[in-house]
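Presented below is the structure to which this report refers.
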Amino acid sequence: YGEKPGGLQLASGNQILPGGDVETVGINSTFDPEELTAYELGVKGAAFDGRLTISTAVFYNDWKEIVLRQRTETNPDNGLTLEQPVGLNVNAGDADVWGFELEANAGFTENLTGRFTVGWADAELDNASQDVFETFPTFAPDGDVSGNKLLRQPEWLISGSLDYQRILVDDWEWYAGTDVNYQSSVYVGNDNQSWLPEHTYVN
């Protein structure tokens, strides 16, 4: 279990007074801590005299009170209308994250070793609202982003590597290695309308 601290956000805006005059004021907005409860169940083992080791785990993260940016047209201190909307941090959503991880390390020979990892995650917002999207109804009608995927959370992470190392002469060794890393696409906003494509790096 862990918490991300809450905080105080200071902003400024022009509020419209009852008589129609405009007054510049400071706006104070507080938000509560985010809470994360993580559950994980895993197993580790070795075979072939330790030349193969495998570890795997399944996990579930229960994320509560996520801070999301919200638009307000009234001063939260007194309810007066603002001349221009102001963006504030508000506890406005929850999320469920399910997934699994697998890692295998193998010694194929005395000199050749390999490693393989795969991770999968289903990270979805629940009871989440981001009213800045209300002016873009094709993004998120009524600002409701429940059911959308969390931003910056890839569904798949896969990697593999091979390394070869042996004595060259005396205390000198020579070494060669290669690795491949794959990441599936990620969303860059809670509206899920823009994303970074999947990519693979080879070294």
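The values are calculated or read from the model by the stated rules, or taken from the named source; none is laboratory data. These numbers come from a predicted model, not from an experiment. Quick reminder, even Gly has a Cβ in these numbers, built from the backbone with ideal geometry, and neighbours come from all protein chains shown. Side chains are part of the model used for accessible areas, which takes the heavy atoms of the whole protein and leaves out ligands, DNA and RNA. Shrake-Rupley method; radii C 1.70, N 1.55, O 1.52, S 1.80 Å.
Answer yes or no as to whether Val186 is of a type in the set (A, V, I, L, M) and within 20 Å of Leu68 (Cα to Cα). Here the answer is yes, as Val186 does meet what is asked. Contact map, region 25-47: residues that are free of Cβ contacts under 8 Å to residues at least 40 places away in the same chain and on the phi < 0 side of the Ramachandran plot paired with residues that are loosely packed, with under 11 Cβ neighbours inside 10 Å and of a type outside the set (Ser, Thr, Tyr), Cβ distance under 9 Å, separation 6+ or inter-chain. Pairs shown: Gly26/Leu10; Thr30/Leu8; Pro33/Pro5; Glu35/Gly2; Leu36/Gly2; Thr37/Gly2; Ala38/Gly2.
If the condition is being on the phi < 0 side of the Ramachandran plot and either out of contact with any Phe, Trp or Tyr (no Cβ under 9 Å at 6 or more places or on another chain) or exposed (fewer than 15 other Cβ atoms within 10 Å of the Cβ) (or both), then region 76-91 contributes Pro76, Asp77, Asn78, Leu80, Thr81, Leu82, Glu83, Gln84, Pro85, Val86, Gly87.
Criterion first (part of a strand (DSSP E or B), open to solvent by 70 Å² or more (accessible area, probe 1.4 Å) and out of contact with any Cys (no Cβ under 7 Å at 6 or more places or on another chain)) does Arg166 satisfy it? Let's see the steps before the verdict.
Details: part of a strand (DSSP E or B): yes; open to solvent by 70 Å² or more (accessible area, probe 1.4 Å): yes; out of contact with any Cys (no Cβ under 7 Å at 6 or more places or on another chain): yes.
Answer is yes for this residue.
The residues on offer are Asp131, Asp191, Asp171, Asp142, and the sole one that is in contact with a helix residue (DSSP H, G or I) (Cβ under 8 Å, 6 or more places away or on another chain) and open to solvent by 70 Å² or more (accessible area, probe 1.4 Å) is Asp142. Considering region 128-145, and only residues there that are in contact with a Ser or Thr (Cβ under 7 Å, 6 or more places away or on another chain) and farther than 28 Å from Gln183 by Cβ, the residue that is modelled with the lowest pLDDT turns out to be Gly143.
When Ala104 is tested against the conditions (1) open to solvent by 70 Å² or more (accessible area, probe 1.4 Å); (2) modelled with pLDDT of 95 or more, the lone failure is (1).
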